[in-house]
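Worksheet for the structure shown next.
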Amino acid sequence: MKATSPKIIDAAPGFSLSEQHVVSDSDTNSELSSPPESIVDGHEDSDCLELSQIAGEKSTSSKGKLHTRVHGKWYELSKFDHPGGPVALDLAKGRDATALFESHHYFIPRKQLLQILAKYEVPAEEAKHLHTMNDKLEDDNPYEWEGIENDGFANEIRQLAVDYFTDLAKKRGISVLEAAKATPQRNFISASLLVAFFASLPAFVQGQWAFLFITPVLCWLAICNYWHDALHFSLSTNWRINAYTPYVLPFLSSPWLWYHQHCVGHHVYTNVPHKDPDLAHFAPFMREHQSIRWRPAHAYQALWWNYSLMWSVATGVGLNLRNAIRAIVKMNFNNVVPCQKPNMLGMASLIGGRVLYVYVAYVWPFQVFSSGKAALWALVANAVFSVCFMVNTQINHLVGPCSHTTSTNFYKSQVLTAQDFGHDSTFCFYFSGGLNYQIEHHLFPCINHCHLPALAPGVKRICKKYDVPYNYASGYRAAIKDHFEHKGEMAEKPKKQ
């Protein structure tokens, strides 16, 4: 008998599976082993599985089907009415989505989730012929999932979120899932920052010197306070709001590219060598992890002129151009995250968006200003924005205590590989868009960042109970200092390579 697709009521946008949600009143820490010779240069030269390589004996999906693997079992979800919309399901298509499944299912009992999934399980004989897009990497899974349902640390972390948002939902008279998204106050702040940015554009376009700095900073503040949340499905319970609003200001990256790089790659395999795509940006010039082969150029990476240059071009040249072009051509991000190929309209939008970015970021000033001023408007504005991004991202994972530490326990690994900073600083919170609560963000990616300060004390308490280090810096100065100490260490040539 053919199973009908359950309609989901009040389920979380993200990777959530549920028929209905009703609101009711010893880990291993070890240094990473030496990388295989074939990938000793980081992700740049890794022998990764391309889509064309899997077209033979096994396949990622039949036409019109949406196959994904969770906890070792294959499911066909093309008829599943997903609350996160087509975007959320597409992120899981052709992949092992176990980590996505685990990190986006806090408010629905595990038993209920597995019962729903069971309706879509692929028969064993058919499953034998299914293949993920990156089996060469996913078969070497860094996490031990067996028994995770009985793990004390994981269960207490999950229960922390359930208890907090159940209480908050009762106080506000809304559902638990609505309570976990942006509050009206947060939406007002985000909207105000967007308005401030767009209001600054006339002065910027007219060439007023102060706005050479003011406008890119406002652009960063607007993006970090809404864009990042939307792409984590944490802005709203309406999947269309999460999916469409990032296109209002896609100045940091293509949303399509960000889903693959950040949500599928970085959040699942944080600081795991040859799996986290963020470890190998500009590998020929920057060595941020011991899995990257040392080159003579790395000896200069901690010098102010070197990192100033790298940080100034990271978003304008790196994310928006170099990474985007390579991902479009190869359908693979940094050779470790296979990308789902967009349809014709999506591909046209993707390419058109990058062309538009080049025009907006670099071309129009030369049509308006003298060549000298145009060069400043094209380079300085992008550099200011890029530095804002780098200051708020490099200090969260690429610091001594968490760069080369991980755990086979997925939940503990999210804590061990991240660093918080500036909990007592309003400036740190708003200028980072809540990224100063990086540990909590990685534990609860589909929860809006406005709630993370309330969850942090509970996370600290649970970490202390289970002897899991909670990495913390007092503010920007301390966090940046930690990062550059790490950068200096990585600049030294290893004794053995």
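The values are calculated or read from the model by the stated rules, or taken from the named source; none is laboratory data. From a predicted model like this one, the values you see are computed outputs, not experimental measurements. Ideal geometry is used to build each Cβ from the backbone, glycine not excepted, and the neighbour counts take in all protein chains shown. For accessibility, only protein heavy atoms count, side chains too; no ligands or nucleic acids. Shrake-Rupley method; radii C 1.70, N 1.55, O 1.52, S 1.80 Å.
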Completion exercise
Kirkwood-based Rg/Rh on the Cα set of the range 158-280 evaluates to 1.06
Problem - Heavy-atom accessible area per residue - the chain, 1.4 Å, Å² - result: 42 Å²
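Kindly identify the range 110-207 as rounded, prolate or oblate by the Cα gyration tensor criterion: order the square roots of the eigenvalues as a ≥ b ≥ c, call it rounded if a/c is under 1.5, otherwise compare a/b with b/c, prolate if a/b is larger, else oblate.
In terms of gyration-tensor shape, oblate.
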Completion exercise
Hull surface over four for the Cα convex hull of the range 232-276, reported in nm², is 3.4 nm²
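Ignoring ligands, DNA and RNA, what percent of the accessible area of the chain is carbon or sulfur (1.4 Å)?
60 percent
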Completion exercise
Note on the range 233-312: the mean projected area of its alpha-carbon convex hull, in nm², is 6.5 nm²
Exercise for the section: Let me know the shape class of the range 200-265, please: from the alpha-carbon gyration tensor, a ≥ b ≥ c as square roots of the eigenvalues, rounded when a/c is under 1.5, otherwise prolate if a/b is greater than b/c, or oblate. Expected result: prolate
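Can you say what percent of the DSSP beta bridges in the chain, counting only those with both residues inside, are antiparallel? Round to 5.
Approximately 60 percent, going by the DSSP bridge assignments.
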Practice task
Using the structure shown, select from K65/K128; K412/K464; K79/K275; K111/K275; K73/K128; K111/K181 the pairs with a Cα to Cα distance greater than 21 angstrom.
Solution key: K79/K275; K111/K275; K111/K181
Completion exercise
Everything considered on the Cα gyration tensor (a ≥ b ≥ c; rounded for a/c under 1.5, else prolate if a/b is larger than b/c, else oblate), the range 383-461 must be described as oblate
Handout entry: DSSP-assigned coil residues among trypsin sites (Lys or Arg not before Pro) in the range 85-145, each with at most 13 further Cβ atoms within 10 Å
Key = K128
Problem - Centre separation in Å (Cα based) which lies between the range 426-497 and the range 176-202 - result: 24 Å
Problem - For N332, distant residues with modelled amide H under 5 Å away - result: C339
Exercise for the section: Would you calculate a helix-derived [θ] at 222 nm for the chain, using -39,500 (n - 2.57) for each DSSP H run of n ≥ 4 and dividing by the full residue count, to the nearest 500? Expected result: -13000 deg cm²/dmol
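Averaging the inverse of every distinct alpha carbon separation and then flipping it gives the Kirkwood radius. What is it for the range 316-395, in angstrom units?
Here the Kirkwood hydrodynamic radius works out to 14.3 Å.
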